[in-house]
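Have a look at the structure below, then the notes.
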Amino acid sequence: MRATGQSEMRHLLSTLNVNCIPTEVAAPGTREAVATLTEQLKAGYLYKRAETRKAKPWGQRWFVLEVMTDAGPEEGTVVRTGQLTYFNNSKDAAIKKSPTVIHLKDATKVQTALGKTHKTEHRVLLSTPDRESGLMELGHGDKEVADDWAKLLQFWIGPPKVAQGSIGGEAKVVRSAWMEVKWEAHRAAELTDDDLARSETISKSSPSFARSFFRKKKEEAEPATKPSRASVEASPPPLGADGTEGAEDAGADEEQTFAWAYVALLSEPGSGGGLTLRQYTDEAMTTEVGRLQLGYRVQAAVLDDPIEDYETAFRVVPDGKASDTWLLCPGSDAASADWIATIMPSA
């Protein structure tokens, strides 16, 4: 068999109309594609039925609420999208068998309602174009469970959320500054006589005492020098002779006092919500004295009733029923607004 000449090969390729397919190459300075990070927020059995002209019977399904995180449009940002999936049972969910996916970015409304059917008395109504009827009705016999599903779904419906963060890698500092901080410990609601009768324990004050004792020891170990209020957002110089006044208040109730700390907002891949606030005694962030996991439904806002001498303070309320809250006072309205905008995810 004779070898094919170069001219014959060109003729053959032109006859077959063979073309090379160009390969896209990332432009210099652009970010590489990053795999989507999926995080499960909630899972459990719910009853469901589609709202149609002809009522359908309730059916129990295993529901999974997940959040997909992708790289955001700008460096240091991520885009999070909610997705609700249900399976026939939990075993099918474990092997991803026959999933039905509802894209929450297309959902428009979440409502709660009451019903009479046993085990579905507490209803969650989800309006979404994914359904032929436009409405999915979910039910559960426990009001607290149904309300928690409703709150989570309400947060994740609509357009994807852009927030500070990263996918993979180690924790990164989003922003940091010296500021005065007040730690508000979570307080359980007062129990009635009926609650006490049903409760197996009434030792609810132990965690608060342990936290107070721990923080008191930390305060005793801290250096006497504190940053001045005039040097907010910068490395503060030590106090002068008039700084002894703060030491006299060391024995005061910690919940009534603001204390200086170097506060850092960190993006921590894989943690719930991605962002964490931490307090340190130094700018090198070697000694941590407090941490607050923010979660997806974190709230941050200026105080409705400003505190004298701390008018620029704002409150950070993390996602969690039994979480502590922090009051942060960076020293100016503009600084507070910047911190709030960074902490709160944008829709």
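The values are calculated or read from the model by the stated rules, or taken from the named source; none is laboratory data. In this text, all values refer to a predicted model and were calculated from it rather than measured experimentally. Note: ideal-geometry Cβ built from the backbone for every residue, glycine included; neighbour counts use all protein chains shown. Note: accessible area is taken over every heavy atom of the protein model, side chains too, but ligands, DNA and RNA are not part of it. Shrake-Rupley method; radii C 1.70, N 1.55, O 1.52, S 1.80 Å.
When the range 72-94 is examined, which residues are found to be charged (D, E, K, R) and over 20 Å from residue 59 (Cβ atoms)? The answer is 74, 75, 80.
Only one entry in 97, 119 is modelled with pLDDT of 90 or more and exposed (fewer than 13 other Cβ atoms within 10 Å of the Cβ), namely 97.
Taken over the range 64-78, residues that are of a type in the set (A, V, I, L, M, F, W, C) and either closer than 13 Å to residue 153 by Cβ or in contact with a helix residue (DSSP H, G or I) (Cβ under 8 Å, 6 or more places away or on another chain) (or both) amount to 3.
Annotation note: Cβ proximity below 9 Å between a residue of the range 321-347 that is within 22 Å of residue 259 (Cβ to Cβ) and at pLDDT 90 or above and a residue that is open to solvent by 20 Å² or more (accessible area, probe 1.4 Å) and small (Gly, Ala, Ser) (sequence gap 6+ or interchain) occurs for 340/301. For the range 300-329, a tally of residues being surrounded by fewer than 14 Cβ atoms within 10 Å (Cβ to Cβ) and in a loop (DSSP other than H, G, I, E, B) returns 8. Would the range 141-160 turn up any residue that is in a strand (DSSP E or B), under 27 Å from the mean Cα position of the chain (by Cα) and not β-branched (Val, Ile, Thr)? For the range 141-160, residues in a strand (DSSP E or B), under 27 Å from the mean Cα position of the chain (by Cα) and not β-branched (Val, Ile, Thr): absent.
Here is a yes/no grid of residues against (1) open to solvent by 20 Å² or more (accessible area, probe 1.4 Å); (2) in contact with a helix residue (DSSP H, G or I) (Cβ under 9 Å, 6 or more places away or on another chain); (3) modelled with pLDDT of 90 or more; (4) over 14 Å from residue 47 (Cα atoms):
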residue	(1), (2), (3), (4)
107	no, yes, yes, yes
129	yes, yes, no, yes
140	yes, yes, yes, no
149	no, no, yes, no
169	yes, no, no, yes
177	no, yes, yes, yes
181	no, no, yes, yes
187	yes, yes, no, yes
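Exactly one residue out of 80, 61 is open to solvent by 50 Å² or more (accessible area, probe 1.4 Å), charged (D, E, K, R) and touching a Lys or Arg at 6+ places or on another chain (Cβ under 9 Å): that is 61. When the range 330-343 is examined, which residues are found to be among the polar types (S, T, N, Q) and surrounded by 15 or more Cβ atoms within 10 Å (Cβ to Cβ)? Within the range 330-343, 336, 342 qualify. Residues that are acidic (Asp, Glu) and free of Cβ contacts under 8 Å to residues at least 24 places away in the same chain do not occur anywhere in the range 94-112. The set of residues from the range 281-300 being hydrophobic (A, V, I, L, M, F, W, C) and at negative phi comprises 284, 289, 292, 294, 298, 300.
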